[in-house]
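A.B. asks: The following block contains the structure, expressed as structure tokens.
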Amino acid sequence: MLAALIATLITGSTATPLARQSLGLVENCYHDFAITFDDGSVGSEYDIVDLFTENDSQATMFLNGYNYNCIYDQDSVERIRNTYNSGMQIGSHTWSHRDLNLLSEAEIDEQIELVNEALWKIIGVRPRFLRPPYGSAPACE
């Protein structure tokens, strides 16, 4: 949970890939909190975005490439663009929501790169943060 909180407390996205960095401990989060949603909250994302926009707030949506539907489907593209253009932060939740502890390093890289490339094509941004499915990932080095 701490890693998810760290991932969402730092706002903004970047159009260029970032070098991998070790997770650090954020110790200056007094009276702060973050609200995040996994899997793009399929079926309710428009309502969630509207609620946050109406209340001048933001959340982070961690998106999959292919879990409930394909990220390249027109409905998904429109939903993602609406979410991003409304000021929400977009994060990666891997391509197909697989348990990263069960994958090789190459398979993990592929899960991350596929969704990163899709988001680059759709909104012109590569996510800075990843939330592992099931909260499960090999130990960070």
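Where a number appears in this text, it was derived from the coordinates with a stated rule and is not lab data. It should be emphasised that the depicted structure is a prediction, and the values quoted were computed from it without experimental measurement. Note: ideal-geometry Cβ built from the backbone for every residue, glycine included; neighbour counts use all protein chains shown.
A.B. asks: Six or more apart or on different chains, Cβ atoms under 7 Å: show the pairs whose first residue is in region 108-127 and under 18 Å from Val77 (Cα atoms) and whose second is of a type in the set (A, V, I, L, M) and part of a helix (DSSP H, G or I).
C.D. replies: Ile122/Val77; Ile122/Ile80; Ile123/Ile80; Val125/Leu119; Arg126/Leu119; Pro127/Leu119
A.B. asks: Only one of Thr53, Thr94, Thr83 is of a type in the set (S, T, N, Q) and in a loop (DSSP other than H, G, I, E, B). Can you tell me which?
C.D. replies: Working: Thr53 fails: in a loop (DSSP other than H, G, I, E, B); Thr83 fails: in a loop (DSSP other than H, G, I, E, B).
One residue alone meets the criteria, Thr94.
A.B. asks: Please enumerate the residues belonging to region 58-70 that are in contact (Cβ under 8 Å) with a residue 12 or more places away in the chain and out of contact with any strand residue (DSSP E or B) (no Cβ under 7 Å at 6 or more places or on another chain). Let's see the steps before the verdict.
C.D. replies: Within region 58-70, the subset in contact (Cβ under 8 Å) with a residue 12 or more places away in the chain is 58-69.
Matches in region 58-70: Asn64, Gly65, Tyr66, Asn67, Tyr68, Asn69.
A.B. asks: Right, another one. For region 59-75, name all the residues that are outside any loop (DSSP other than H, G, I, E, B) and surrounded by 11 or more Cβ atoms within 10 Å (Cβ to Cβ). Reasoning before the result, please.
C.D. replies: Restricting attention to region 59-75, the residues satisfying the condition of being outside any loop (DSSP other than H, G, I, E, B) are 60-63, 66, 70, 74-75.
Across region 59-75, the qualifying residues are Thr60, Met61, Phe62, Leu63, Tyr66, Cys70.
A.B. asks: Looking at Asp56, Asp50, which one is on the phi > 0 side of the Ramachandran plot and exposed (fewer than 14 other Cβ atoms within 10 Å of the Cβ)? First the steps, then the outcome.
C.D. replies: Numbers: Asp50 fails: on the phi > 0 side of the Ramachandran plot.
It is Asp56.
A.B. asks: Consider Glu113 against the criteria (1) out of contact with any helix residue (DSSP H, G or I) (no Cβ under 9 Å at 6 or more places or on another chain); (2) part of a loop (DSSP other than H, G, I, E, B); (3) not hydrophobic (A, V, I, L, M, F, W, C): it satisfies all of them except one. Which criterion is unmet?
C.D. replies: Against the list (1) out of contact with any helix residue (DSSP H, G or I) (no Cβ under 9 Å at 6 or more places or on another chain); (2) part of a loop (DSSP other than H, G, I, E, B); (3) not hydrophobic (A, V, I, L, M, F, W, C), Glu113 comes up short only on (2).
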